[in-house]
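No lab work stands behind these numbers, since they all come straight from the coordinates. Bear in mind that the values here come from a model prediction, so they are computed numbers and not experimental data. Every residue, glycine among them, receives a Cβ derived from its backbone with ideal geometry; neighbour counts consider all protein chains shown.
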Amino acid sequence: MKKVVSISGGKSSAYIFANYPSDYAIFSLVTTNDVKCIYPDKKIRQMVSDKIGKEFIGTLEQNTIIEFLFSLEQLVGKEITFVSGQPFENVIKLKGGYLPNVMTRFCTTEMKIKPIFKWWKENINEVVEMQIGFRANETKRANKMMLKLNNKGIEEMKTIIGKRKTLNKWGMVEWRIPKFPLIDNLIFKDNIELFWKNKNVKFEKNYINNCVGCFHRSPLFLKKMSQEHPNKFEWFIDQEKINSPNKFKKQMSYQEIKNLNIQKELDFDSDFNDCDTGYCGL
């Protein structure tokens, strides 16, 4: 059975890539065609375009994730396969202007899981072991993922399996068995931090690589993102304006978050680990 490591953008999945055998490493990049978010280095834009097989303009993830992935390839000496689905704004249009939120996280499904599944179907098309970067203290997240498996312990995906006259025939396809080597081998955050110390890999300084405007983040953290990544954060504000009254966070708009006094006391949940997908670097 082929082994695939799912690269999320964080140190934990990178640790698996560097220390455990795998046949493939896969990363799904969230993209945008909004020129306000254009990746500044033309050469790297072309490198990413070559990787994903279409023009790359920019990402709504932190730009450092691109540098991180290329530096990780150099350190480990193995290739990371990049995939990408529809640009984020196109996904929202296809959903009728509905914005993803903590209750309906279709952004992960459409821009992380489905592109990886499409790559799997085109290149492997048999059940694989997929290594997920949950650490030894994250058994709760792993258990949530295991609840999605069928009675054979395999995760299924609903997809087109043929034609019925002129209509698509849909069905469930078995495709992966999640594996958690960090949990199995009692690898904690301090073990991972020690491993990456002094290694030439360009991790995001906040140790969190994922979408700048991720709704799992607290308003105070999002305020910080609006200051560090103003153009990307403006994209999220624009989407709320275009698709009003829909919002990414029920409590307040992203424009209100941008306008916050940074010292204001806020009574919102800031637990990133509510996201249990393993595809983002939370």
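Listing for the model above:
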item: Candidate lysines for bridging to Lys169, where Cα separation is under 16 Å - those fewer than 8 sequence places away on the same chain excluded; result: Lys158
item: Among beta bridges that DSSP assigns inside the chain, antiparallel share in %, nearest 5; result: 50 percent
item: Descending Cα extents along the principal axes, segment 52-206, whole Å; result: 59, 41, 33
item: Restraint check, Lys36/Lys223; Lys36/Lys250; Lys179/Lys232; Lys11/Lys144; Lys3/Lys144; Lys3/Lys202, Cα-Cα greater than 23 Å; result: Lys36/Lys250; Lys179/Lys232; Lys3/Lys202
item: Net charge over other residues, Cβ less than 11 angstrom from the Cβ of Lys114 (K, R count +1; D, E count -1); result: +3
item: About the Cα centre, charge dipole magnitude for segment 138-201 (Lys/Arg +1, Asp/Glu -1 at Cβ), debye; result: 520 debye
item: Dipole magnitude of segment 3-212 about its Cα centre (Cβ charges: Lys, Arg +1; Asp, Glu -1), debye to nearest 20; result: 620 debye
item: Those GluC sites (Glu not before Pro) in segment 122-221 that DSSP places in a loop and that have at most 11 other beta carbons within 10 Å; result: Glu126
item: Additional length obtainable on full extension of the chain from Asn143 to Lys197, 0.36 nm per residue less Cα span; result: 16.5 nm
item: Calculated [θ] (222 nm, deg cm²/dmol) that DSSP helices of n ≥ 4 give over the chain, each run adding -39,500 (n - 2.57); result: -10000 deg cm²/dmol
item: Among Gly58, Gly133, Gly97, residue whose mean-square fluctuation peaks in a GNM of the chain (springs only between Cα atoms under 10 Å); result: Gly97
item: Proximal aspartates and glutamates relative to Lys43, as straight alpha-carbon distance under 13 Å, when same-chain residues fewer than 8 apart are discounted; result: Glu55, Glu67
item: Scattering curve values for segment 85-137, log₁₀ I(q)/I(0), Debye with Cα scatterers, q = 0.16, 0.20, 0.28 Å⁻¹; result: -0.63, -0.82, -1.05
item: Computed lengthening from Ile242 to Asn185, 0.36 nm per intervening residue step minus Cα-Cα distance; result: 15.8 nm
item: Spacing of the two label points (7 Å from each Cα toward its C-beta) at Asn123 and Tyr98, in nm; result: 3.1 nm
item: Rg in Å to one decimal, and Dmax rounded to a whole Å, for the chain via C-alpha atoms; result: 18.9, 62
item: Nearby aspartates and glutamates by direct alpha-carbon distance to Lys148 (threshold 14 angstrom, same-chain neighbours under 8 apart not counted); result: Glu156, Glu174, Asp276
item: DSSP bridge pairs, segment 60-217: antiparallel proportion in percent, nearest 5; result: 70 percent
item: Most fluctuating residue given options Met252, Met146, Met47, as computed from a GNM of the chain linking Cα atoms under 10 Å; result: Met252
item: Computed E for Gln227/Lys43 - FRET, C-beta separation, R0 41 angstrom, nearest 0.05; result: 0.90
item: Proxy reagent accessibility, fewest Cβ within 10 Å first, across Lys51, Lys152; result: Lys152, Lys51
